[in-house]
1. Please indicate, with yes or no, whether at least one residue in the stretch 454-470 is open to solvent by 20 Å² or more (accessible area, probe 1.4 Å) and under 14 Å from S9 (Cβ atoms).
2. When residues of the stretch 309-334 are filtered for being closer than 17 Å to V288 by Cβ and either outside any helix (DSSP H, G or I) or open to solvent by 80 Å² or more (accessible area, probe 1.4 Å) (or both), how many remain?
3. Looking at the structure I just gave you, is A73 touching a residue at least 40 places away in the same chain (Cβ under 8 Å), open to solvent by 10 Å² or more (accessible area, probe 1.4 Å) and of a type in the set (G, A, S)?
4. For the stretch 402-451, what are the residues that are over 24 Å from L132 (Cα atoms) and β-branched (V, I, T)?
5. With the checklist (1) closer than 21 Å to H425 by Cβ; (2) out of contact with any Asp or Glu (no Cβ under 8 Å at 6 or more places or on another chain) in hand, flag the one item R86 doesn't pass.
6. If G434 meets every condition in (1) in contact with a helix residue (DSSP H, G or I) (Cβ under 6 Å, 6 or more places away or on another chain); (2) under 22 Å from Y258 (Cα atoms); (3) assigned to a loop (DSSP other than H, G, I, E, B) apart from one, which number is that one?
7. Would you point out which residue out of L198, L129, L216, L119 is farther than 30 Å from R39 by Cβ and at pLDDT 95 or above?
8. Restricting attention to the stretch 35-53, does a residue exist that is open to solvent by 10 Å² or more (accessible area, probe 1.4 Å), free of Cβ contacts under 8 Å to residues at least 60 places away in the same chain, polar (S, T, N, Q) and in contact with a strand residue (DSSP E or B) (Cβ under 9 Å, 6 or more places away or on another chain)?
Amino acid sequence: MTTWLPDPSHYPEQMSPLSATVWFEAMGRGLHAAARELRAPFGGFETRLELGWAYEGELEPDWDVDRNVLERAALELLQRWERELRPRVLEINAELEAMRPEHLPPAEAVALLDRLWELVQEEWTIHFLVVLPALTAVEHAEPEELVGMENPADDAVWRLADTARREHVADLIRDFAPAAALGRLRATAPGRRFLRTLDEYLAAYGGRSRWHELSLPREVEQPHMTLDAVRLALELDERPEPAAAPLRAADERLRAAYALKELHTYDIDYPGLLATREALLGFGRRLVGEGLLDAVDDVWMLERRELRPALTEAIDLRSIVARRREEHARGLAEGVRPYLGEPPADRTRDSVVESFYGSGGSALSGAGASPGVAEGIARVVAGPDDFSRVMRGDVLVTTTTTPAWTPLFPSLAALVTETGGILSHAAVVAREYGLPAVVGAAGATQVIADGTRVRVDGSAGTITLVGGSA
């Protein structure tokens, strides 16, 4: 591998070494394995971490490419998902959730870590056995047929808002910051009834986070972004109708495959990564108990190859943790590099890959991802900690979005992201809500000041600074 490139659409922030050598590495291996099985016209990526920043090196296929295999996989995806892939994913998640490494004998703890690594690799191979055919299915649609799809977590947020109104606790959620609102809700019987409903929501969707990095707490651990989402839903009298039905494909099997591009996350990404995170934290608790680490979260500063021998022998992990934290601080100061190794050569990517990653544009132009024109106050948002600043009618300006962000969408006037293509998560969900959107507007969060009034043309792919501020 001679050239390594960052991918800010999926890895917009620094990554911890343990997450990089578990999830990120498994993701790269899984993509390569799935592309091989599907005889795809691209080879996937190898992965690398440098001062906390994630980089990918593109692989060439080492198999005979056969686009017909990928096409057939798209037609057969729903049947295979229901018969084979989803049942196996549920088995993997159940095994991960049952892992308790804290009190095992050393040799058994090593075997458990090895088993975790096997399971995570298998789950992320399945992930791409779903995603690659789902992206291929979209190529059978006309551009005007690229609309969104229903999001079950969004539906659940609206049910939470209905519960808040029914229990007469909507004012607590609207008027108090999330931490204070939780305290107020626990103090009354109606509030506790609402919290029981919130717990049901978190049991189903609590594995969501602002991105896939394993060291980040999940929504079930910090339900503040759930309450911010409910607040926004309460500010709307009723939920907006979806812009249109999902993909109107000539073959119903292709529509079902397209839907799985987003819906698979409720079985793989959220519960799978939550279970992986909790198991790895168990290894952290073990090392703290043995006096090798000072805090459980220090485990994220170890690579997988360093964690494994520490389960059977006394290793100076504190010096590794200190060095890694220094490297992360230096990486944060230096920022991500445009590439590592040799300068990237110009090349044409396969259409499936291009539509997902995009090519990038300028700060005020990109790919028109969802048609329409709208004006509003720009709200530059880095993550869920900023959700409380988003108001009805704002234009969301951000680097990228994940499904954890979707509760914001019904309240927005428009959307601008710095990364992604017309099949990125942001583009798909914007079309679901009929929200004008421009993606791949590189540098937008630096050029568009928070509070500035902007006009977004989701058909032309342009953003105009109108002036004024709020």
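1. Among the residues of the stretch 454-470, not one is open to solvent by 20 Å² or more (accessible area, probe 1.4 Å) and under 14 Å from S9 (Cβ atoms), which makes the answer no.
2. Of the residues in the stretch 309-334, 8 are closer than 17 Å to V288 by Cβ and either outside any helix (DSSP H, G or I) or open to solvent by 80 Å² or more (accessible area, probe 1.4 Å) (or both).
3. Answer is yes for this residue.
4. Listed by number, the residues that qualify are V416, T445, V447, I448.
5. Failing condition for R86: (2).
6. Only one criterion in (1) in contact with a helix residue (DSSP H, G or I) (Cβ under 6 Å, 6 or more places away or on another chain); (2) under 22 Å from Y258 (Cα atoms); (3) assigned to a loop (DSSP other than H, G, I, E, B) is unmet by G434, namely (1).
7. Values: L129 fails: farther than 30 Å from R39 by Cβ; L216 fails: at pLDDT 95 or above; L119 fails: farther than 30 Å from R39 by Cβ.
One residue alone meets the criteria, L198.
8. So far as the stretch 35-53 goes, yes, one or more of its residues are open to solvent by 10 Å² or more (accessible area, probe 1.4 Å), free of Cβ contacts under 8 Å to residues at least 60 places away in the same chain, polar (S, T, N, Q) and in contact with a strand residue (DSSP E or B) (Cβ under 9 Å, 6 or more places away or on another chain).
The values are calculated or read from the model by the stated rules, or taken from the named source; none is laboratory data. Predicted model only: the values in this text are computed from it and were never measured. Neighbour counts are summed over all protein chains in view; Cβ atoms, including those assigned to glycine, are modelled from backbone coordinates with ideal geometry. Heads up: the accessible areas ignore ligands, DNA and RNA and are worked out on the full protein's heavy atoms, side chains in. Shrake-Rupley method; radii C 1.70, N 1.55, O 1.52, S 1.80 Å.
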